[in-house]
Amino acid sequence: MLLLGGSAGSFKLLFRLVKLLPHDFNKTVVIIIHRKKNFFSEIEKLFAENSRMLLREISDKDPIDSNAIYIAPANYHTLIEKKGYFSLDVSEAIWYSKPSIDVTFESAADAFGKSCTAILFSGANQDGAEGLLKLRQSGALTIAQHPEDAEMAEMPNAAISIDGAEYILRTTEIFELLQNGT
Amino acid sequence: MREILGKDSNLTTPQLTELIDLVKKIHGFDFSDYTKASLKRRLARIMMLKKLSFYDLKHILVNAPAFFQEFLEEITVNVTEMFRDPAFYKALNTQVVPYLSTYQHTKVWCAGCSSGEEVYSLAILLKEEGLGKKSFIYGTDINTEVLKEARKGIYSLRKIKSYAENYLFTGLPGSITDHFTMMYDAAAIHSELKQNTLFSVHNLISDTIFNEFQMISCRNVFIYFETELQERILDLFYKSLCPLGYLCLGNKETIRSDSFRKKFKVINQKENIYQKIGA
């Protein structure tokens, strides 16, 4: 499972990544991106139209497909269940964010641990840092975007400062890594 | 050695099972079909808030009966908003309310109503559409404490401000503040709206049918339940609805089971509004 988390300044990058992934990527990709609750964005539509992989916004208890991209819906937290499906939660926002990257990362660490790869991108708060650390502690491969490449460096910096990221990679390196398969 | 749950420790699956069994045995509440990852998070949260280790939590659940209400309140998610998902209220208004208005009297059940925001949202909608005098809304929850809040119907101004923004997106003609009496830092829902509501304790897992309804709204409750339990509750809802009655689930909660897909017709796919069909 490949987990991608980002906030302010990560949208364009994630969009480019989604566009790049081949139809036979053969991994579950979960994208958690912060956005406003009543902001009727066309994010999912835009992503789906430009993706070669099956892409969908997560609904409660959706089974996790091994070759698809999933987007965490706005105004819910997305959790990953051991039994192989997603579940949603409307509890308190974390770092003013719902979806919170921490919540998804932590549940992924608990459910699938070392079979996960997680990348934390640009963002203006520290959501995702703790989650990345949990993933790292459970044996996952964890990566932070190099703060110099991030439009908003706070999010990758937060992860780096608590030693949550095993690798700190340049944007070009991240793209190369994903193109060659992780 | 006592283990204190710090930020980076976690409940193990056997510990989770142990707590579920204990709560069931001692307090009669069955959390075994709750969604696990979410339940684990809630338990970890309560342990952190109360600074309890796993053993402390077990001890207090056994020996301090008064603690259980607080536990229940923390374990269940009570985050709610008025007019959450404005598009849902828009769909309700255009696709369901015209049918409800053909009844002499409309009974609505809001299941898992928490502190009442959704009950009052429905009350406002029905009033604005002229059904205020001929509708009645039952709000139920397993949690007695949140029901006390619901009965009060008083919300902070900060919250009302964000509810007003939701309301704006519903396309309803009025203004949310028309239905509140403003106080210094809070707003109280008009008593006229309160008169058409009744809040009481009901446990979806263990309690049964208590009335017949033209509409049931149970939004963002199923997300905490595993699919088998969802189906048991769907059966309860099916039996509690009048013929052609409406069922509203949360934005991301769909009816998955084939047998219930035959018993409910989809009225709005995106907003998960269904209508009871069949015998």
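Key figures
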{"read-out": "Subset tally (residues that are within 14 Å of chain B (Cβ to nearest Cβ) and at pLDDT 95 or above) for region A:25-48", "value": "1"}
{"read-out": "Criterion (among the polar types (S, T, N, Q), crowded, with 18+ Cβ neighbours inside 10 Å and under 25 Å from the mean Cα position of the chain (by Cα)) met by exactly one of B:114, B:32", "value": "B:114"}
{"read-out": "Among (1) within 14 Å of chain A (Cβ to nearest Cβ); (2) closer than 24 Å to residue B:32 by Cα; (3) without any contact (Cβ under 8 Å) to a residue 12 or more places away in the chain - the single one residue B:165 does not satisfy", "value": "(2)"}
{"read-out": "Flag if residue A:118 is surrounded by 24 or more Cβ atoms within 10 Å (Cβ to Cβ), facing chain B (nearest Cβ under 10 Å) and over 16 Å from residue A:59 (Cα atoms)", "value": "no"}
{"read-out": "Among residues of region B:1-13, those that are away from chain A (no Cβ under 13 Å) and either modelled with pLDDT of 50 or more or under 19 Å from residue B:75 (Cβ atoms) (or both), counted", "value": "1"}
{"read-out": "Hits in region A:24-39 - residues which are free of Cβ contacts under 8 Å to residues at least 40 places away in the same chain and either farther than 18 Å from residue A:125 by Cβ or polar (S, T, N, Q) (or both)", "value": "A:38"}
{"read-out": "Residue list for region A:72-84, filter: within 20 Å of residue B:10 (Cβ to Cβ) and either surrounded by fewer than 24 Cβ atoms within 10 Å (Cβ to Cβ) or within 7 Å of chain B (Cβ to nearest Cβ) (or both)", "value": "A:79, A:80, A:81, A:82, A:83, A:84"}
{"read-out": "Test result for residue B:236, away from every other protein chain (no Cβ under 14 Å), part of a strand (DSSP E or B) and under 25 Å from residue B:115 (Cα atoms)", "value": "no"}
{"read-out": "Only one of A:56, A:52 that is of a type in the set (Lys, Arg), within 14 Å of chain B (Cβ to nearest Cβ) and more than 12 Å from the chain's Cα centre (by Cα)", "value": "A:56"}
{"read-out": "Any pair with Cβ under 6 angstrom, 6 or more apart, that starts in region A:129-146 at a residue that is at the interface with another protein chain (Cβ under 9 Å from one of its Cβ atoms) and ends at one that is crowded, with 23+ Cβ neighbours inside 10 Å and assigned to a loop (DSSP other than H, G, I, E, B)", "value": "A:133/A:164"}
{"read-out": "Some residue of region B:213-228 being exposed (fewer than 15 other Cβ atoms within 10 Å of the Cβ), assigned to a helix (DSSP H, G or I) and more than 14 Å from chain A (Cβ to nearest Cβ)", "value": "no"}
{"read-out": "The one condition in (1) within 21 Å of residue A:113 (Cα to Cα); (2) surrounded by fewer than 19 Cβ atoms within 10 Å (Cβ to Cβ) that residue A:50 fails to fulfil", "value": "(1)"}
{"read-out": "Selection within region B:39-87 - of a type in the set (Gly, Ala, Ser) and in contact with a Leu (Cβ under 7 Å, 6 or more places away or on another chain)", "value": "B:44, B:53"}
{"read-out": "Members of region B:95-109 found to be aliphatic (A, V, I, L, M) and in contact with a strand residue (DSSP E or B) (Cβ under 8 Å, 6 or more places away or on another chain), listed by number", "value": "B:96, B:100, B:108"}
{"read-out": "Checking residue B:107 against (1) touching a residue at least 40 places away in the same chain (Cβ under 8 Å); (2) more than 14 Å from every other protein chain (Cβ to nearest Cβ); (3) surrounded by fewer than 21 Cβ atoms within 10 Å (Cβ to Cβ); (4) touching a helix residue (DSSP H, G or I) at 6+ places or on another chain (Cβ under 9 Å), the condition it does not meet", "value": "(4)"}
{"read-out": "Strands (runs of 3 or more DSSP E) within region A:103-182 that include 1 or more residues farther than 23 Å from residue A:53 by Cβ and out of contact with any Leu (no Cβ under 9 Å at 6 or more places or on another chain)", "value": "A:167-169"}
{"read-out": "Selected residue (only one of B:92, B:61 is away from chain A (no Cβ under 14 Å), assigned to a helix (DSSP H, G or I), touching a strand residue (DSSP E or B) at 6+ places or on another chain (Cβ under 9 Å) and not polar (S, T, N, Q))", "value": "B:92"}
{"read-out": "Residue in region A:49-65 that is at pLDDT 95 or above, in a strand (DSSP E or B) and of a type in the set (Asp, Glu) present", "value": "no"}
{"read-out": "Condition broken by residue A:101, with the remaining ones in (1) more than 14 Å from every other protein chain (Cβ to nearest Cβ); (2) over 30 Å from residue B:249 (Cβ atoms) satisfied", "value": "(2)"}
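The values are calculated or read from the model by the stated rules, or taken from the named source; none is laboratory data. None of these values were measured; they are calculated from a predicted model. Every residue, glycine as well, gets a Cβ built from its backbone with ideal geometry; the counts of neighbours run over all protein chains shown.
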